[in-house]
Amino acid sequence: MSEKEAQPETPADEEETRSSEPGDDEASSAPGDDEALSEPDDDGQPDSSEAEPLLPVGNPVRLRALIPIVLGTLVGVLIMASAASPAVVVPVALVCVLLVTVGVLDLLGSFDDTDRSVRHCRLGELMVPTSVALGGGLCHLALLRGAVEGVVPPTVSAVAIPATFLMVVVGLYRIGERLGPWRVDETGKPRPLWRRHGFWLVVMVTLLYLPMLGNHSLSDPWETHYGEVAREILARNDWISLWWAQDGWFWSKPVLSFWLQAGAMALFGVRFRSGEMLSAVADGRLPQPEWAVRWPFFLITLVAVYLLYKGVARSHGRRPALLGAMVLVTMPQFFLLAHQTMTDMPFVACLAAAIGLFIYATQVDAHERIQSYEVGLGPFTLRLSLYHLVIGAVLMVVLPQILYLLSRNLSLIFTPNFDLRFHGDVFDLGSAGNCGLPGNKACQEGLRPVVKSFTPAVQALVWLQALALVLWLSWGERRVQRLVFLAAWLCASLATMTKGPAGIGLPVLAALAYVVATRRWRDLTRMEIIAGALIFVATVLPWFVAMHSRHGQPFTDRLLFHDMFKRAFKHVHDTNRGQDLSFRYYVWQLGYAVFPWTGLAPLALVRWLRQRRDTFSSRGAVVLAAWFLIGFSLFAVMGTKFHHYCFPVLPPLAMLIGVLLDDMLVRGQRDSTVASIDQATVDRVLLGAVAVGAAVLTYMVGRDLVWSPEGRNSQIRLIHLITYNYGRPWPKSVDFGSWLWGFTIAATGVTLLLMIDRLRRYATVALLCVATAFAAWGVNSYLVKLSPHWGQRELFLAYERARQQEEGQLIAYQMNWKGENFYRGNQVPAFVSSGSKFQKWIDEQKKTKDQKVFYFVTEHKRARNLKNELGSPGRFEKLTDPQLNNKFQLVRAVFE
């Protein structure tokens, strides 16, 4: 929670507090909706900013800060240069980065602000809430590690992990309450927790998304594919060059999502060594590494939803923003992808956070200054502000990359003798611990980079200069708007690190559309373009440049030209054979992606046009509409199409639907363009007519989720929103038809009630309840019950149990679905194509190693071919059936 929320003129947590109606619960519209807004410097009046220097002067340098900076840098570089276990390196490195971050902030004198807007707090006032937050955090970490190791049963983790997370949330809220950001007025009287819209949004997301997050299998092929790449980061001890099993170097995606997964695996105790992922089964436990790889995605989703809510709340009010956020988290594609480790969620989450912060910044007075919060530490005082939150976040993102690059020219050796060696950049080729297995390339050690002169240490100095320029430009910056713009640049940079140029392109295009539509040209001078560009350089480029230095043109050819450029203009890995790939494609998929809100979406996309130009809410609506239109157009013209490519347009659509729902809740038109009773009557009639059409559209989409005229099982359409192979069969043992019909009828009926003016408010609330129930069912039933069929966790658990009775090697037979690699730490001989090579290898194992028992994971339809190729095994047993997994099976072959 940031200090940007505390302003003397505006009540806090939800400076969204602006309201045209009495009472917090009824607050829905922002001030100024009934009159055009103008700022003195936009109207030709004297610009007060002329009295301010181009670069505000910062506080004097504090040389004492060199101690933590030097100490943190030395320890951080040395621990990264060592061969210590990632379970030690990652937490120690994080502490070192935090120490350097605090040191840099102190060096700039940022804790010594003398601004008059200071709120005072004694350390004793923070002890209780800090204890709650820390205690909850430690319990949360312990439970996550226990769930990963299989010590905590799934039924316990589903309750205890969300409960401890909410303890942290409550503790942080109480800290903010004591410290000052969330006080309602100058008297210091706090708004009750139960009346805080943002708090309830966090609770809703936590209770919907967290309980079953790690209690089901990773889905093939993307989750297991990306999870295996992240596992290899730890196993190979290389955070630059990514490796993927049989395919070798992994160059098809930027690195951020893999760093998130690898860091969480190290922190939460995943057994990442070759063959050890599920080895705790031998001790009678049920390990759940899925908690580790998915937890960072839950956290980034939660933060993004909250920041988008904050931005829309600033422009439209708390209630429309809350409704929009509720709509977003109950959309099927959003809640399903929030439970996947695909790159799409961190990409869209960072994108949504960036645009949410941009909307927030455009609503802030250009000269409003941040507030400081003073904490008494005995004879010392510490002043905290929004500056520390924003610049600290920049440092926490950039510094780890700089320190790691510095460590690449060092090796710290502990055994047999302590030694510190300086050398050029070296790296290894191959899967750690799996060299020589069929399907894996032969390992090579001590490879040298293509560009030998541009060593990692030199690269680190370049990025350090970019970071130093950012700090110099923002040294004395204490204006709220400028700092929030910097935060938006950081989030856009992180989106780029997740999936490429669209991460920076979409926010920039939406911002330009906003400037052109509102004619607020002066805002361009306030958007911190130079500092933002430097943040982008220091955040995004280090990994790309390091990869190019190591691997040269093949890396850029694969990532930039094949996986980005060619995907945009040609069909790459397309699985839409026979489908209409025109403009209709994403209109069709959006219908399923936003159900049960499908019927209201068309009206929400055009209703904002009725607002007067240059009101608070119209400014925010322009950004949201531009985001949707630019994003939809971009992905509609792309050559490569997957159902989930429309995902980036869900957040703006959801927020616009939230604004529409707020209008319905107030029973009438609050739009200032309504000039008479007659006009209001006409509008209500039109809205009623639209409700009928919305109900019909909702029913048609819901029917398509259950029934198809071609005879296909349409229940598969929801899982198609997040998966790859659209020709994969639906499991015969699973039937959700009655549930889907129930949600369809309920959503259709409630949407139809919107036509009745007197019932509109109640119907709106009922529709929210139906959508929430649908989301809860989707993540706790639909996804959980389908995961054994779209993943391989259960098969590998069966293998780990079976090998306790009869030891034998597991082999992937004609498989290329990625789960077989992740759940065995890639310790699996892989024969994508069989024949004489396969038969020869089996014979060698029988003769040279006297191996008689073999386990195979393969598709059901390939079992007969497998048996024929094995010859005449004494026993050929199918250990799993289609009831468990309708795609793959585990087979045991025993040669007497």
TODO: Starting from the range 553-573, take each residue that is closer than 20 Å to Leu242 by Cβ and touching a residue at least 40 places away in the same chain (Cβ under 8 Å) and list its partners that are assigned to a helix (DSSP H, G or I) and not basic (Lys, Arg), counting only C-beta distances under 6 angstrom and pairs at least six apart or across chains.
DONE: Phe555/Met547; Phe555/His548
- [ ] Identify all residues within the range 156-182 that are modelled with pLDDT of 95 or more and either among the hydroxyl-bearing types (Ser, Thr, Tyr) or not in a helix (DSSP H, G or I) (or both); write none if there are none.
- [x] Ser157, Thr164
- [ ] Name every residue in the range 818-864 that is modelled with pLDDT under 90 and either open to solvent by less than 40 Å² (accessible area, probe 1.4 Å) or of a type in the set (Val, Ile, Thr) (or both), in order of residue number.
- [x] Lys818, Gly819, Val832, Ser834, Gly835, Thr848
Task: Of all residues making up the range 390-440, the number that are free of Cβ contacts under 8 Å to residues at least 24 places away in the same chain and touching a Gly at 6+ places or on another chain (Cβ under 7 Å) - done: 1
- [ ] Go through (1) at pLDDT 95 or above; (2) part of a helix (DSSP H, G or I) one by one and return the number of the condition His339 breaks.
- [x] (2)
- [ ] Only residues that are outside any helix (DSSP H, G or I) and out of contact with any Leu (no Cβ under 8 Å at 6 or more places or on another chain): list them for the range 272-288, please.
- [x] Arg273, Ser274, Gly275, Glu276, Met277, Gly284, Arg285, Gln288
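Is the range 808-817 home to any residue that is part of a helix (DSSP H, G or I) and open to solvent by 10 Å² or more (accessible area, probe 1.4 Å)?
Quick first cut of the range 808-817, residues part of a helix (DSSP H, G or I) only: none.
For the range 808-817, residues part of a helix (DSSP H, G or I) and open to solvent by 10 Å² or more (accessible area, probe 1.4 Å): absent.
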Open item on the list: Please pick out the residue among Tyr724, Tyr782 that is open to solvent by 40 Å² or more (accessible area, probe 1.4 Å), aromatic (Phe, Trp, Tyr) and in contact (Cβ under 8 Å) with a residue 60 or more places away in the chain.
Closed with: Tyr724
Task: Every residue from the range 865-894 that is assigned to a strand (DSSP E or B), of a type in the set (A, V, I, L, M, F, W, C) and crowded, with 18+ Cβ neighbours inside 10 Å - done: Phe888, Leu890, Val891, Ala893
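Considering the range 872-888 alone, what residues qualify as being out of contact with any Leu (no Cβ under 7 Å at 6 or more places or on another chain) and in contact (Cβ under 8 Å) with a residue 12 or more places away in the chain?
So the first thing to find is which residues in the range 872-888 are out of contact with any Leu (no Cβ under 7 Å at 6 or more places or on another chain), and the list is 872-878, 881-884, 886-887.
Within the range 872-888, Pro873, Gly874, Arg875, Phe876, Glu877, Lys878, Pro882, Gln883, Leu884, Asn886, Lys887 meet the criteria.
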- [ ] Consider only pairs whose beta carbons are under 9 Å apart and that are at least six residues apart or on different chains; among these, list those whose first residue lies in the range 280-301 and is open to solvent by less than 10 Å² (accessible area, probe 1.4 Å) and whose second residue is of a type in the set (Ser, Thr, Tyr) and outside any helix (DSSP H, G or I).
- [x] Pro289/Tyr823; Glu290/Ser217; Glu290/Thr341; Val293/Thr341; Arg294/Thr341; Phe297/Thr341
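Could you tell me whether any residue of the range 352-370 is under 17 Å from His644 (Cβ atoms), in contact with a helix residue (DSSP H, G or I) (Cβ under 8 Å, 6 or more places away or on another chain) and surrounded by 24 or more Cβ atoms within 10 Å (Cβ to Cβ)?
First, pick out the residues of the range 352-370 that are under 17 Å from His644 (Cβ atoms): 352.
Those still in the list that are in contact with a helix residue (DSSP H, G or I) (Cβ under 8 Å, 6 or more places away or on another chain) too: 352.
Now drop any that are not surrounded by 24 or more Cβ atoms within 10 Å (Cβ to Cβ), which leaves 352.
Yes; the residues of the range 352-370 include at least one that is under 17 Å from His644 (Cβ atoms), in contact with a helix residue (DSSP H, G or I) (Cβ under 8 Å, 6 or more places away or on another chain) and surrounded by 24 or more Cβ atoms within 10 Å (Cβ to Cβ).
Consider Ala747 carefully, then state whether it is open to solvent by less than 10 Å² (accessible area, probe 1.4 Å) and more than 30 Å from Trp243 (Cα to Cα). Outline the logic, then answer.
Values: open to solvent by less than 10 Å² (accessible area, probe 1.4 Å): yes; more than 30 Å from Trp243 (Cα to Cα): yes.
Against the criterion (open to solvent by less than 10 Å² (accessible area, probe 1.4 Å) and more than 30 Å from Trp243 (Cα to Cα)), Ala747 qualifies.
Every residue, every condition in (1) assigned to a helix (DSSP H, G or I); (2) under 22 Å from Lys641 (Cα atoms), yes or no:
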residue	(1), (2)
Arg717	yes, yes
Trp739	yes, no
Leu752	yes, no
Met755	no, no
Leu759	yes, no
- [ ] Mind counting the residues in the range 454-501 that are open to solvent by 20 Å² or more (accessible area, probe 1.4 Å), of a type in the set (Lys, Arg) and at pLDDT below 95?
- [x] 1
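Here's the yes/no breakdown for (1) surrounded by 13 or more Cβ atoms within 10 Å (Cβ to Cβ); (2) closer than 27 Å to Ala280 by Cβ; (3) of a type in the set (Gly, Ala, Ser):
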| residue | (1), (2), (3) |
| --- | --- |
| Val88 | no, yes, no |
| Val102 | yes, no, no |
| Gly124 | no, no, yes |
| Ser131 | no, no, yes |
| Gly146 | yes, yes, yes |
| Pro154 | yes, yes, no |
Open item on the list: Among the residues of the range 511-522, what is the count of those that are closer than 30 Å to Ala468 by Cβ and either out of contact with any Asp or Glu (no Cβ under 9 Å at 6 or more places or on another chain) or of a type in the set (Ser, Thr, Tyr) (or both)?
Closed with: 1
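Are any residues in the range 369-411 among the aromatic types (Phe, Trp, Tyr) and touching a Phe, Trp or Tyr at 6+ places or on another chain (Cβ under 9 Å), and if so, which ones?
Our first condition is that a residue be among the aromatic types (Phe, Trp, Tyr); within the range 369-411, this holds for 373, 380, 387, 404.
Within the range 369-411, just Tyr404 meets the criteria.
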Task: Some residue of the range 215-229 being assigned to a helix (DSSP H, G or I), farther than 17 Å from Thr164 by Cα and open to solvent by 20 Å² or more (accessible area, probe 1.4 Å) - done: yes
Task: The lone exception for Gly311 - which of (1) more than 27 Å from Val229 (Cβ to Cβ); (2) part of a loop (DSSP other than H, G, I, E, B) it fails - done: (2)
Task: Those residues of the range 626-657 which are surrounded by fewer than 24 Cβ atoms within 10 Å (Cβ to Cβ), more than 18 Å from the chain's Cα centre (by Cα) and part of a helix (DSSP H, G or I), in sequence order - done: Ala626, Phe628, Leu629, Ile630, Phe632, Ser633, Leu634, Phe635, Ala636, Val637
Task: Residue list for the range 441-458, filter: more than 23 Å from Leu234 (Cβ to Cβ) and touching a residue at least 24 places away in the same chain (Cβ under 8 Å) - done: Arg448, Val450, Val451, Lys452, Phe454, Thr455, Ala457
- [ ] Say whether the condition of being surrounded by 15 or more Cβ atoms within 10 Å (Cβ to Cβ), touching a Ser or Thr at 6+ places or on another chain (Cβ under 8 Å) and over 30 Å from Gly275 (Cα atoms) is met by at least one residue in the range 435-448.
- [x] no
- [ ] Could you please find all residues in the range 846-896 being touching a Ser or Thr at 6+ places or on another chain (Cβ under 7 Å) and either over 20 Å from His789 (Cβ atoms) or charged (D, E, K, R) (or both)?
- [x] Leu866, Glu869
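The values are calculated or read from the model by the stated rules, or taken from the named source; none is laboratory data. The model shown is predicted, which means the values in this text are computed figures rather than measured ones. Glycine also receives a Cβ, built like all others from the backbone with ideal geometry; neighbour counts cover every protein chain displayed. Surface accessibility is based on the protein's heavy atoms, side chains included, excluding ligands, DNA and RNA. Shrake-Rupley method; radii C 1.70, N 1.55, O 1.52, S 1.80 Å.
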